[in-house]
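What follows is a single structure, written as structure tokens, with notes after it.
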Amino acid sequence: EYIVKIKGQTGKYEQMRAFRRKSDNRIAYCLELWEGINENKTLTGYDNEQYNHANIDYSSWEKVMLISYYGYGYQNHTEQKWIAITQFMIWKTLSPDSTLYFTDTLNGKKINKYEQEMAEINNLIKNHATLPSFDNQTFNTRYKEDYQIIDTNNILDKYDITSYNTNKVSKVNNTLTVVTTEIGENIVILANSGKNYNNNPTVYIDPNGQDLLIPGNYIPIYSVVRFNLPEGNITVTKLDKDTNTKLPQGNASLNNSKFILMDKDNIIVSTKIITNNSELTFEHLGYGTYYLKEIESGKGYLLNDNVIKIEVNNNYENINFYNQVIKEK
């Protein structure tokens, strides 16, 4: 690969070279277009605040970091041409006051080369910070029921589930599924972290020569999704089946009746006994489907073993429950 670089009245033609770190054969990119490399010299490497050490403004550093990530070595970018493309783009970013182009031979004619490949890298960088379409939104869920949301930006596969306080959470392609059991806000945090490398980008600084860059993973991008499980109550009122009132007949009693409340999986959520005024209330129930069943009746009344399905939602649930008084000795 051949290039020409021009700055002011100074021009130079070169054949491109690829430099590798001897310890692990990793590609090292030059950060400075006009500096030479000093041989047989030990350089200090930095894997944090790289832009400060290399004296690069953060915006330019961020782009260079992403060029090196999405360039050579990313997915199918394995041919050696991608080394030249990546290096060329880094120089163009960090040396905007210089003219740089490919030539057909050493000191040959200017040619347009690798434009499609560079456009591909630029497109990856452009979409790099795109978040899932449901980022920072809140969704109302139902108790123990699957709730699915689809990322219409089609990038959820880049994100991993890093933390959550929901009962369950899973991700398949562009669909996120949660199951909530805790009343109130449940949070899922997703992170898009680079996976090409096991290191941060590292810069090697030579105060009197060429600074070098070993590519690494980019800073993670986080997305937060909130799932709210609203709550409601169920009030059960015991009534005499004959009189349709709370007043018991004779020596019978509508109090001391015991109820269980089960969720959609037939697991008991709560057990309560009517102790006063023929009423009881199941409180702080997440919106969802429940089943009410009497397991003990009050004195002098037959057990009503009907199972009542109840939907807890934004409507207040007041259930009338009827018992038949025992009329025989």
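For the range 22-46, taking the residues that are more than 26 Å from Asp57 (Cβ to Cβ) and charged (D, E, K, R), the one that is surrounded by the fewest Cβ atoms within 10 Å (Cβ to Cβ) is identified as Glu39. On the stretch given as the range 272-284, residues that are open to solvent by 70 Å² or more (accessible area, probe 1.4 Å) and within 38 Å of the chain's Cα centre (by Cα) total 2. Out of all the residues in the range 238-260, is one or more outside any loop (DSSP other than H, G, I, E, B) and among the polar types (S, T, N, Q)? Among the residues of the range 238-260, not one is outside any loop (DSSP other than H, G, I, E, B) and among the polar types (S, T, N, Q), which makes the answer no.
Listed by first and then second residue, the pairs linking a residue in the range 80-92 that is in contact (Cβ under 8 Å) with a residue 60 or more places away in the chain and closer than 17 Å to Trp34 by Cβ to a residue that is surrounded by fewer than 20 Cβ atoms within 10 Å (Cβ to Cβ) and polar (S, T, N, Q), with Cβ atoms under 8 Å apart and 6 or more places separating them unless they lie on different chains, are Trp91/Ser98. Taking the range 1-95 as the region of interest, the helices (runs of 4 or more DSSP H) fully inside it that hold 2 or more residues being under 29 Å from the mean Cα position of the chain (by Cα) and β-branched (Val, Ile, Thr) are 58-70. Those strands (runs of 3 or more DSSP E) of the range 117-232 in which at least 1 residues are farther than 30 Å from Gly36 by Cα, considering only elements entirely within it, cover 138-140, 147-150, 160-164, 168-172, 175-179, 184-192, 221-229. Somewhere in the range 285-307, is a residue open to solvent by less than 40 Å² (accessible area, probe 1.4 Å) and touching a Lys or Arg at 6+ places or on another chain (Cβ under 6 Å)? Yes; the residues of the range 285-307 include at least one that is open to solvent by less than 40 Å² (accessible area, probe 1.4 Å) and touching a Lys or Arg at 6+ places or on another chain (Cβ under 6 Å).
One line per residue, one yes/no per condition, for (1) in contact with a strand residue (DSSP E or B) (Cβ under 9 Å, 6 or more places away or on another chain); (2) free of Cβ contacts under 8 Å to residues at least 24 places away in the same chain:
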site	(1), (2)
Asn276	no, yes
Asn304	yes, yes
Lys309	yes, yes
Asn320	yes, no
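Within the range 24-36, residues that are in contact (Cβ under 8 Å) with a residue 60 or more places away in the chain and more than 17 Å from Thr93 (Cα to Cα) have Cβ atoms under 8 Å from residues that are buried (at least 21 other Cβ atoms within 10 Å of the Cβ) and among the aliphatic types (A, V, I, L, M) in these pairs: Arg26/Ile214; Ile27/Ile83; Ile27/Ile214, counting only partners at least 6 apart in sequence or on another chain.
If the condition is being open to solvent by 40 Å² or more (accessible area, probe 1.4 Å) and at pLDDT below 95, then the range 198-217 contributes Asn198, Pro207, Asn208. Residues being over 16 Å from Lys63 (Cα atoms), open to solvent by 60 Å² or more (accessible area, probe 1.4 Å), touching a strand residue (DSSP E or B) at 6+ places or on another chain (Cβ under 7 Å) and without any contact (Cβ under 8 Å) to a residue 40 or more places away in the chain are represented in the range 125-146 by at least one member.
The values are calculated or read from the model by the stated rules, or taken from the named source; none is laboratory data. Only a predicted model underlies this, so the values are computations on that prediction, with no experimental measurement involved. Cβ sites come from the backbone with ideal geometry, for glycine too, and all protein chains shown count toward neighbours. Each accessible area value is taken on the protein alone, full model and side chains, heavy atoms only, with ligands, DNA and RNA left out. Shrake-Rupley method; radii C 1.70, N 1.55, O 1.52, S 1.80 Å.
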